[in-house]
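Beneath this line is the structure, given in structure tokens, with notes to follow.
The values are calculated or read from the model by the stated rules, or taken from the named source; none is laboratory data. Bear in mind that the values here come from a model prediction, so they are computed numbers and not experimental data. Cβ coordinates were reconstructed from backbone atoms using ideal geometry, including for glycine residues, and neighbour counts include every protein chain displayed. Side chains are part of the model used for accessible areas, which takes the heavy atoms of the whole protein and leaves out ligands, DNA and RNA. Shrake-Rupley method; radii C 1.70, N 1.55, O 1.52, S 1.80 Å.
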Amino acid sequence: MKRIDFLFNKINRLIEFFLVSIFGLLVLDVLWQVFSRYILRTSFSWTEELARFSLIWLSILGAAYLNAKREHLSMDFLYQKLSAKKQKKVSLIIEIFIFLFAAIVMVVGGFNLVFITLKLNQLSGTLQIPLGYVYAIMPLSGLLIMCFSLYHMSKIYTNQLID
């Protein structure tokens, strides 16, 4: 189990680095956009598109990261009222639903979206990037969420995960 914990922590650190890099790119892009618009009196059309794509990747990959840390939004008023045994069952059920959502919506739906946009050779307006590459974050994040849910289920089942 120690190897799985080590791998889980390494993946989280890699995602953290990637999220910070995307956020840094987003900040630089928006600063350049503001600078060019107000100081240089010209506007570059690619900055808006890059900001949009960066925000898409940041939010969807950030959702996977928050799932790994179990810091996603939740209302636990009723959950806290349950006994420890029932909390364990509810936690397992929640993780199963998260796993199924990630598998069906994010992975299957995401792969279909990526496949269709790449097959149709759809390009972004100004950057001319294939949109399939932009949408590829959806199935990737779905796979990560599925792995994290399996990890959490194993920890809940063995009473190693404390809410």
_Helix 45-69 vs. the chain, principal-axis angle (Cα, 0 to 90°, nearest 10)_ = 10
*Under a 1.4 Å probe, what is the accessible area of region 10-159 per residue, stated in Å²?*
64
_Built amide H within the under 5 Å cut-off of Leu123, gap 5+_ = Leu131
*Quote the convex hull volume per residue of region 82-134, based on C-alpha atoms, as a whole number of Å³.*
79
_Kirkwood Rh (inverse of mean 1/r, distinct Cα pairs), region 38-78, angstrom_ = 13.0
*Report Rg (one decimal) and Dmax (nearest whole number) for region 1-86, counting Cα atoms only, units Å.*
19.5, 64
*Residue list for region 114-137, given a label point 7 angstrom along the Cα-to-Cβ vector of Trp32 and an amide N cut-off under 19 Å*: 124-130, 134
_Under the 0.36 nm per residue contour assumption, what length would be gained going from the current alpha-carbon distance of Ser21 and Arg41 to full extension?_
4.4 nm
*asked:* Run through region 1-110 and list the GluC sites (Glu not before Pro) located in a DSSP loop whose Cβ has at most 14 other Cβ atoms within 10 Å.
replied: Glu71
_Below 8 Å between Cα atoms, with a sequence gap of 6+, how large is the relative contact order for the chain in percent?_
24
*log₁₀ I(q)/I(0) of region 62-163 at q = 0.24 Å⁻¹, via Debye over equal Cα point scatterers, no solvent, to two decimals?*
-1.20
*Share of carbon and sulfur in the accessible heavy-atom surface of region 1-150 [1.4 Å probe, %]*: 72
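For every helix of n ≥ 4 consecutive DSSP H residues, a contribution of -39,500 (n - 2.57) applies; sum these over the chain, divide by its total residues, and give [θ] at 222 nm rounded to the nearest 500 deg cm²/dmol.
My calculation for the chain gives -25000 deg cm²/dmol from helical runs alone.
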